[in-house]
Amino acid sequence: MTALTPVLPDAPQGGTPGKGSTTAARKSQRFSNGKRGLEPWLYLAPAFIVLIALLGYPIFQLINVSLYDYRQAQVSGKAPLNFVGLGNYQKLFADPQFWTVLGNTVVFATACVVFTLLVGSSLAVLATRLRPWVRSMLFVVSLGAWATPAVTGSAVWLFLFDPTLGLVNKTLVSIGLTQFQGYSWTYDKWSAFGLVASEVVWCSFPFVLVTVYAGIQAIPTEVIEAARIDGASMPRIARSIMLPMLRPIVIVVTIQSIIWNFKIFSQIYIMTNGGGIAGQNLVLNVYGYQQAFAASLYGLGSALGVIMTALLMVITLVYLRILKRTGEAL
Amino acid sequence: MKLARSAAAIAIAALALTACAPPTSNNAASSSDEQTGTVRVWLFSEVNQDPKSAVVKEAVTEFEAAHNGAKIDVQYIPVDSRAERFKAAFNDPSSAPDVAEFGNTDLASYVASGGLADVTEDIKSWDEAKDLDQKILDTTEIDGKNYGVPWFVGVRALYYRTDLLQQLGLQVPKTLDEVETVARAIRAANPDLLGISVGGAAQFSAMPYLWANGGEIATKEGDKFVSKLDSAESREGVAAYARLLKDDICPAQTCAEFGGNASVQQFIAGKSAMTIGGDFNYKAVAASAIKDKFAVVPVPGKTAGSIAPAFAGGNNLGVFNSSERRTLAADFVKLLASKKYQQKMFDSMGNLPTFSDVQKSVAENNKQVEPFINTLGAGTKFVPVTENWSTIDAQGVFTGMYQKVVTGKADVNTATTEAATAMNTAFGSK
């Protein structure tokens, strides 16, 4: 049991910074030493069982499959199953396309995360200053964007940006920018990525908006008033009072955004027709789909899946680590 | 204690990894061959489904009358989700049909999955089989065995606007070079029109250029395919096609992303003077606003009077390996793919028959299919018949090559070398 107790302090996801988590850790230490050692585990058992069934087993099979030469012929029993160890990973790492795709993914996802957070937070701050009915309008409109399924949203954006019939090009041409006559937004690699990123930001900023807005509302007005009485300017209040108090929320929103945006599939798949001209807009998830399902290279596709999972875990952990080092405990 | 425990955990994990191989299913051929019961059939659903259903129904009635105790259960499956359907059927033979319609480019990967039964003997003992178009029958052959019966073919030819050519006093192109010059001349006179709408992703429009120039996608050497895209002839073909996707004919900005369908849509919408379209597109063109202003000729070859080899697309009927009613299934395939029913399918759906004699007779009676039948008669070609082709196709190796050239990301030599290398990697992974 002792080997496992260090896991426990993280279990109570306390939003209270500072003392809260250390007391929890001390408490659990006491429990595990006493005769109630098994009890917390009993309470956690249902959650663990569900997690293992829904998460543990698929990840196990993902890793497992990635170690084999596993194609359709092997699945249906026509060809012998070969254990290739890290062969699939070697193949990927030796393929320059993999590195290009990885680079694309990092740049694209980072841009999406940054812009989603910027747009969402700015609108959240704006929302606190709007009149109630304007605010309601803002929320209704952005929730509409949020509620739109990725596939539908992508298709609508494609219509809007259609080279000849799209509203955007027509408008641009009508105000005199004739170079947009028949301009294809998906022809150039970065213009295509930009278009998809805009759609992604459009459909994911409402989550940031709502969450951060709720966070701002939860800041006790007394604290802000006290700061104001002490003579703090508005920027100063934002920097020294509001931001630190919003920290837990910003962290959650950022991690969510990172995970979502690294996993983007539908938008790229639909808007760039499966990865763009000569595969210029492939990101890891679409690349993985292309290899695993379209090309039936399940082993190779699984290796990509494992890399993707590992990458996301590393990014998340590093991010948490940096935050822990620069500030107080979460 | 701690150390021992984690060592044990690692050992167990390692054991679990090596001992539990990923799941595989047993897809061995069924040993039983029952003469009664239900034969399940999968056919593709069509946009215009009724005429197809009517012909199939007729065949089912005829079959059931001739086979006592046998029933045919036809299901129409969507073409778009066929990959999932077929894979699921191969993985779980109990949910598999006995007979299925499938695209001929999918055949090799289905055979590699062990899903299709060898029907060589059935074809040999079938009296109508001698009239099957040999080039088309070849597309069903792997290592000397046939795994399907060609049901209908689809070939592409050159559609052009008669009015536009006439206005400029241009002759109908007789060589591939003339296609280019005519297209350029039309766009020069009508800057709003594409000279010929072709696409960077329209692989079957690009193939005639490759083959007419003497190039090949790949040839079989020993038991393996080797890509020939980097040969001088292939490069010439790739370059010739890529010249069409230039600003003075079909600008890459617009056309690089077009697939075959999109390029035909441009023609239908009256936005292009020519296109390479299939016999299956004819109805849509004939129903459009330009219906009185177009004609079709075979895609010309290098020299005047020759015809560029076309890609022999089409669908087969095959028997599933797991079928418990193999004889009944093969009999139904032979009935539905017979001359009689191919003729009926042509009459109702316009599907081009796979028998040379039936092709001739339909061409004589139907002027509009003549260019397509002539194209078939001139000899068609096909993609490499190997399971790896579906991988190459899914990775976009072939179309990616053209797109790289037309977007200026690579020159012809680099792009063809890259594509050849990628293909050889895929061919080698057998």
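Bear in mind these aren't lab numbers, they're just calculated from the coordinates by the rules spelled out. Owing to the predicted nature of the structure, the values given are computational and were not obtained by experimental measurement. Here the Cβ positions follow ideal geometry from the backbone for every residue, glycine too, while neighbour counts run over all protein chains shown.
Of note:
- Volume in Å³ per residue [convex hull over Cα atoms, computed for chain A]: 205
- Toward the positive end of the charge dipole of the stretch B:24-144, with +1 on the Cβ of Lys and Arg and -1 on the Cβ of Asp and Glu, the farthest Cα among B:Ala66, B:Asn104, B:Leu43 is that of B:Leu43.
- Helix-only CD estimate at 222 nm, as mean residue ellipticity for chain B, using -39500 (n - 2.57) per DSSP H run (n ≥ 4): -13500 deg cm²/dmol
- Residues A:Val50 and B:Lys71, FRET efficiency given R0 of 60 Å [Cβ-Cβ distance, rounded to 0.05]: 0.85
- Computed from the C-beta positions of A:Val318 and A:Leu130, the FRET efficiency with R₀ = 35 Å rounds to 0.45.
- Each Lys and Arg Cβ is given +1 and each Asp and Glu Cβ -1; about its Cα centre, chain B then shows a dipole of about 880 debye.
- Cα centroid separation - the stretch B:287-316 against the stretch B:183-246, whole Å: 15
- Of the residues A:Phe205, B:Phe44, B:Phe346, the one with the fewest other Cβ atoms within 10 Å heads the list, and the complete ranking is B:Phe44, B:Phe346, A:Phe205.
- DSSP H segments from chain A that extend 24 Å or more along their own axis, Cα-based, with Kyte-Doolittle mean of 1.0 or above: A:96-129, A:189-218, A:243-262, A:298-326
- Shielding by partners - mean other protein chain Cβ count within 10 Å, residues of A:285-295: 3
- Applying the criteria of a DSSP loop state and at most 13 other Cβ atoms within 10 Å to the trypsin sites (Lys or Arg not before Pro) of the stretch B:191-299 yields B:Lys291.
- Shielding by partners - mean other protein chain Cβ count within 10 Å, residues of A:61-73: 5
- Histogram of C-alpha separations across the stretch B:144-285, 5 Å bin width, %: 2, 10, 18, 20, 19, 13, 8, 5, 3, 1, 0
- Fewest-first sequence of A:Val210, A:Val156, A:Val114, B:Val39 by Cβ atoms within 10 Å of each Cβ: A:Val156, A:Val114, A:Val210, B:Val39
- Here the spin labels are modelled as points 7 Å beyond Cα on the Cα-Cβ line, and at A:Thr171 and A:Phe60 they lie 5.4 nm apart.
- 10 Å Cβ neighbours from other chains, averaged over peptide B:112-118: 4
- Most fluctuating residue given options A:Trp202, A:Trp260, A:Trp133, as computed from a GNM of chain A linking Cα atoms under 10 Å: A:Trp133
- Dipole moment magnitude, nearest 20 debye, the stretch B:137-284 about Cα centre, only Lys, Arg, Asp, Glu C-beta charged: 360
- Label-zone membership for the stretch A:220-255, site A:Thr110, 7 angstrom Cα→C-beta point, backbone N under 18 Å: A:254-255
- Cα gyration tensor, the stretch B:337-424 - rounded (a/c under 1.5), prolate or oblate: prolate
- A:Ser198-B:Ala295 FRET efficiency (beta carbon distance; Förster radius 35 Å; 0.05 resolution): 0.20
- Distance from the alpha carbon centroid of the stretch A:33-87 to that of the stretch B:374-430 works out to 38 angstrom.
- Whole-Å distance, taken between Cα centres, linking the stretch A:101-136 and the stretch A:201-251: 15
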